[in-house]
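Heads up: the structure comes next, in C-alpha cells.
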Amino acid sequence: IKLYLPRFNQAEAHAEISMPPPRPLDLPIGRADELVLIVEDDDTARRVTAQGVRELGYSILEAENGRAAIEIIRRRADIDLMITDVV
C-alpha cells in the first residue's frame, strides 16, 4: 500500500483554515437476517472484520480456516455472503 500525504508547510500551518464539519459516512446498513461467513486464519483480523460487519447490522458466522468454513456451509444453507482472503 502506498500512501501519499501533502507536504507540510509551516507558513500555511499558521494560517487559519476554515474546514466544514465532517459528515457521517453513508454506509449501507444490513439486516440481522442477512448472514455473513467470515473465513480468516488470523484471529485478530477475523475478530476485527467480524466486529465491523456486525456493526453494519449483519449476522456473522466465523471460521478459522477453509475446512471449518466448508463444514459451516454444509450445515447452513442461509449464508448470504462469504468474506475470505486468498493468499
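Tally Lys and Arg at +1 and Asp and Glu at -1 over the other residues with C-beta under 12 Å from the C-beta of ASP43: what net charge comes out?
After counting each charged neighbour, the total is -3.
Tabulate in residue order the Karplus-calculated ³J(HN,Hα) for region 59-68, using 6.51 cos²θ - 1.76 cosθ + 1.60 with θ = phi - 60°, rounded to whole Hz; enter x for Gly and Pro.
For region 59-68, the Karplus-derived couplings read 8, 10, 10, 10, 9, 8, 6, x, 4, 5 Hz, x marking Gly and Pro.
Applying the Karplus parametrisation 6.51 cos²θ - 1.76 cosθ + 1.60 with θ = phi - 60° to the phi angles of region 44-51, what ³J(HN,Hα) value in whole Hz is obtained for each residue in order, glycine and proline being reported as x?
5, 4, 5, 4, 5, 5, 4, 5
Within region 28-50, name every residue whose backbone N is under 15 Å away from a label modeled 7 Å from Cα of ALA68 along the Cβ vector.
37-50
If amide hydrogens are placed 1.01 Å from N in the peptide plane, which non-local residues have theirs closer than 5 Å to the one on MET82?
Answer set, sorted by chain and number: LEU37.
Beyond 17 Å, what share of the Cα-Cα pairs of region 14-83 remains, rounded to the nearest whole percent?
The calculated P(r) of region 14-83 puts 52 percent of pairs beyond 17 Å.
Spin-label point model (7 Å from Cα, Cβ direction): what's the VAL86 to ARG47 distance in nm?
2.9
For region 19-87, what is the accessible area per residue in Å² when the probe is 1.4 Å?
About 77 Å² of surface per residue is accessible.
The values are calculated or read from the model by the stated rules, or taken from the named source; none is laboratory data. Every value quoted in this text rests on a predicted model; they were computed, and no experiment measured them. Here Cβ is always computed from backbone atoms with ideal geometry, including for glycine, and neighbour counts include all displayed protein chains. These area figures cover heavy atoms from the full protein model, side chains too; ligands, DNA and RNA do not enter into them. Shrake-Rupley method; radii C 1.70, N 1.55, O 1.52, S 1.80 Å.
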